[in-house]
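**Q** Just passing along the structure, written as structure tokens.
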Amino acid sequence: MSDPVFTPRVFSGIQPSGGLTLGNYLGAIKRFVEMQDAGTHETVYCMVDLHAITAKLVPPAELVHNTRELCAGFLASGIDPEKSILINQSQVPEHAQLAWIFNCVARMGWMGRMTQWKDKSGKNAEASSLGLFAYPALMAADILIYHGTHVPVGEDQKQHLELTRDIAAKFNHDYGVEFFPITEPVIEGVATRVMNLQDGTKKMSKSDPSDKTRINMTDDADAIAKKIRKAKTDPDPLPGEIAGLDARPDARNLVNIYAALAEVSPQAVLDQHDGALFGHFKLALADLAVEKLAPISAEMARLMDDPAEIDRILTRGAERAREITVPILERTYDIVGMLRS
């Protein structure tokens, strides 16, 4: 029997938890745009609002605002709703419906081994929500309801994608079909893990209590430049070789950010700035960051002033998405043996 042929299709999503950062942009959204514009795959990008309530319930108005703001960030960064399918997860009910099937395919032991479950539940696992424990099955459904063949992910999500592959393989094996693809991770880029501007050993996070540790995608030009000028560095000049950044996490972080914004390699950055002191280098980085990020910030603000347009785009995205998801869910139900009217 020949292997099934699946349409090359990329799926990925971000939680609308508020406070889109430079880390989200360089580690995810910028890559989403590149994959969209490459034209080698169909692309589906999602605001995963169902995931946003797994750790704690969010005030409704806040979740609505965060979802619209994230959509504005996608659009302002270059996601084209005509080239990509841009959706809000809860507006496409097949995500949750397939997740129930996958809840019955996945094993408790698989879920219990998830590193993020252990990290987020901590010592009080019994007080955590069932949604937090089971959300990797929903993540698998998010991908496989589109027969997603490729997913751009950070290292922190790689384990969950491996679980997606396990669920697809077990479903196919248990029902004697080759219905779901074994999704491939796409992990690449010089700044897929952008670090804290005040501590290069920690990931940039919107949850950090100090705003100076991160660049928010809503920051204006002055705020962007000021945060970069005040970023933590060390007294030594930039080296001429990458090896010279070993044991210098703050320096490495700024070089990686420059490389990602300029779309060059870190070595190319060092070739250009070999021997420069950080006072000079941070001025160059600030200018570059303002050039690249300030227009995105301005466009996000414009879009947020027109929420009806954002809602229209998401409604249209859900309609397009369901042209794919409804037949896949119906076929899944047929395979499982569920009667339908």
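The values are calculated or read from the model by the stated rules, or taken from the named source; none is laboratory data. These figures come from a predicted structure and were not determined experimentally. With ideal geometry, Cβ positions are generated from the backbone for all residues, glycine too; neighbour counts draw on all protein chains shown.
**Q** So which residues in the stretch 169-190 are outside any loop (DSSP other than H, G, I, E, B) and modelled with pLDDT of 95 or more, if there are any at all?
**A** If the condition is that a residue be outside any loop (DSSP other than H, G, I, E, B) and modelled with pLDDT of 95 or more, then ALA169, LYS170, PHE171, ASN172, HIS173, ASP174, TYR175 are the ones that fit.
**Q** Moving on to the next point. PRO327 versus (1) of a type outside the set (A, V, I, L, M, F, W, C); (2) surrounded by 13 or more Cβ atoms within 10 Å (Cβ to Cβ); (3) within 23 Å of LEU138 (Cα to Cα): which is the lone unmet condition?
**A** Among (1) of a type outside the set (A, V, I, L, M, F, W, C); (2) surrounded by 13 or more Cβ atoms within 10 Å (Cβ to Cβ); (3) within 23 Å of LEU138 (Cα to Cα), PRO327 violates only (2).
**Q** Residue by residue through the stretch 261-273, note down the ones that are out of contact with any Phe, Trp or Tyr (no Cβ under 9 Å at 6 or more places or on another chain) and either closer than 17 Å to PRO295 by Cα or not in a helix (DSSP H, G or I) (or both).
**A** LEU261, ALA262, GLU263, SER265
**Q** Scan the stretch 246-289 for residues that are surrounded by 20 or more Cβ atoms within 10 Å (Cβ to Cβ), free of Cβ contacts under 8 Å to residues at least 60 places away in the same chain and among the aliphatic types (A, V, I, L, M) and jot them down.
**A** Passing the criteria: ALA251, LEU254, VAL255, VAL269, LEU270, LEU285.
**Q** Taking the stretch 50-64 as the region of interest, how many residues are surrounded by fewer than 21 Cβ atoms within 10 Å (Cβ to Cβ) and not in a loop (DSSP other than H, G, I, E, B)?
**A** Qualifying residue count, the stretch 50-64: 6.
**Q** Just give me the residues in the stretch 292-308 being closer than 27 Å to LEU26 by Cα and surrounded by fewer than 16 Cβ atoms within 10 Å (Cβ to Cβ), in sequence order.
**A** Start the filter on the stretch 292-308 by keeping residues that are closer than 27 Å to LEU26 by Cα, which leaves 292-307.
Scanning the stretch 292-308 gives PRO295, ALA298, ALA301, ARG302, ASP305, ASP306, PRO307.
**Q** For the stretch 33-46, enumerate the residues that are in contact (Cβ under 8 Å) with a residue 60 or more places away in the chain and either surrounded by 22 or more Cβ atoms within 10 Å (Cβ to Cβ) or outside any helix (DSSP H, G or I) (or both).
**A** HIS41, VAL44, CYS46 - these are the residues of the stretch 33-46 that are in contact (Cβ under 8 Å) with a residue 60 or more places away in the chain and either surrounded by 22 or more Cβ atoms within 10 Å (Cβ to Cβ) or outside any helix (DSSP H, G or I) (or both).
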